[in-house]
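Trainee: Supplied in structure tokens, the structure appears directly below.
Laboratory data are not the source of any read-out in this text; all were calculated from the coordinates shown. Remember, predicted model here, so these are calculated numbers, not experimental data. Counting neighbours? That spans all protein chains shown, and the Cβs are built from the backbone with ideal geometry, glycine included.
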Amino acid sequence: MQYEELVEVARADERVLGLVLTGSRGRGVFVRPESDWDVRLVVSDAALRECEQQFETAHGSTVEVAVYSLSQFEQAGELGSPNEWDRYSYAHAEVVLDKLDGRIAGLVAEKGVLPPRAAHDVAAQALDGYINSYHRSAKNAGLGLSIGARLDAAESVPPFLTALFAVHGRVRPFNKYLRWELETYPLGDARWCSDALLPRLEAIVSTGARREQQSLFRDVEALAREHGLGEVVDSWGHDVACFRG
């Protein structure tokens, strides 16, 4: 079934409550002629099984349809759940059908950001993870373990990005969309604009650059203290002075 046909069938089917287009087409970016259509189809709880059989398609299909009951969709991407990683799918997604008078759109909007309390907790946990990987990288470098140092340096970047976006109440983007996210929805600070940040991250990931890691830590420490997360940094005690370089 082609995408346009799916939309029309879903529009006419009373079992279907909503249709959300995610991925590149949903955001209108990086779209190529061969790009697939990533569809989240929301159906009534009672119709889940039959709608799965009728609409769901395999991964890699041109029109890749995942069917959710309304109850499942309410929990999709929930923080602390196994599918929390998928939360960014809903950031900037297009709500094509919403037969519940805005309820589907409201759920999509909620999933695309982090509520304040959750954002603080996510940022704190990710910040500690970032510092831990940076610490391991520095220790390995001191021991002459260059591969370990570079690997830990690279592993420090994902939690750093999670913390960076979380303190702004946002979900860390998938890597594909990182530059686009920073340029289209800037974080409002020159330290984190794409032209300033991405070369630093590339140097850390590719070479484990110690000075670049120290420089980034100093900026991260300032960011943490600006957002009430200084206790996470301070929990590392005397090592903090070494981290700064």
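Trainee: Between Leu79 and Arg210, how high is the FRET efficiency from 1/(1 + (r/R0)^6) when r is the Cβ-Cβ distance and R₀ = 30 Å? Nearest 0.05.
Mentor: The value I calculate is 0.35.
Trainee: Here's a follow-up. Where Rh denotes the Kirkwood radius from the mean inverse Cα pair distance, what is Rg over Rh for region 1-124?
Mentor: Details: Rg = 14.6 Å, Rh = 15.0 Å.
With Rg and the Kirkwood Rh in hand, the quotient comes to 0.97.
Trainee: Can you tell me the length gained on complete extension of the stretch Glu110 to Met1, counting 0.36 nm per residue apart and subtracting the Cα distance?
Mentor: 36.2 nm
Trainee: Let me ask another. Given 10 °C and 1.306 mPa s, how large is the Stokes-Einstein diffusion coefficient of the chain in µm²/s, with Rh as the Kirkwood radius over Cα pairs?
Mentor: Roughly 80 µm²/s, to the nearest whole number.
Trainee: Treat each spin label as a single point 7 Å out from the Cα along the C-beta direction, and report the Leu145 to Arg15 distance in nm.
Mentor: If labels sit at Leu145 and Arg15, their model points lie 5.5 nm apart.
Trainee: Give the range of the longest stretch in the chain that excludes all GluC sites (Glu not before Pro) found in loop regions by DSSP and having at most 16 other beta-carbon atoms within 10 Å.
Mentor: 79-245
Trainee: When the Karplus curve 6.51 cos²θ - 1.76 cosθ + 1.60 is applied with θ = phi - 60°, which whole-Hz ³J(HN,Hα) does each residue of region 140-147 get, with x for Gly and Pro?
Mentor: For region 140-147, the Karplus-derived couplings read 5, 4, x, 8, x, 8, 5, 5 Hz, x marking Gly and Pro.
Trainee: Which chymotrypsin sites (Phe, Trp or Tyr not before Pro) from region 1-109 combine a DSSP loop assignment with at most 16 other Cβ atoms within 10 Å?
Mentor: Of the chymotrypsin sites (Phe, Trp or Tyr not before Pro), the ones in loops of region 1-109 whose Cβ has at most 16 other Cβ atoms within 10 Å are Phe30.
Trainee: Provide the gained length on full extension for the span Asp234 to Asp219, in nm with one decimal, where the gain is 0.36 nm per separating residue minus the Cα-Cα distance. It would help to have the intermediate numbers written out before the result.
Mentor: On the way: separation 15, 0.36 × 15 = 5.40 nm, distance 1.48 nm.
Gain on stretching Asp234 to Asp219: 3.9 nm.
Trainee: Give the share of C-alpha pairs in each 5 angstrom bin for region 160-245, from 0 to the last occupied bin, in whole percents, shortest bins first.
Mentor: Final binned percentages: 3, 13, 23, 25, 20, 12, 3, 0.
Trainee: Let me ask something additional. Can you list the lysines whose alpha carbon is less than 23 Å from that of Lys111, not counting same-chain residues fewer than 8 positions off?
Mentor: Output for Lys111: Lys99, Lys176.
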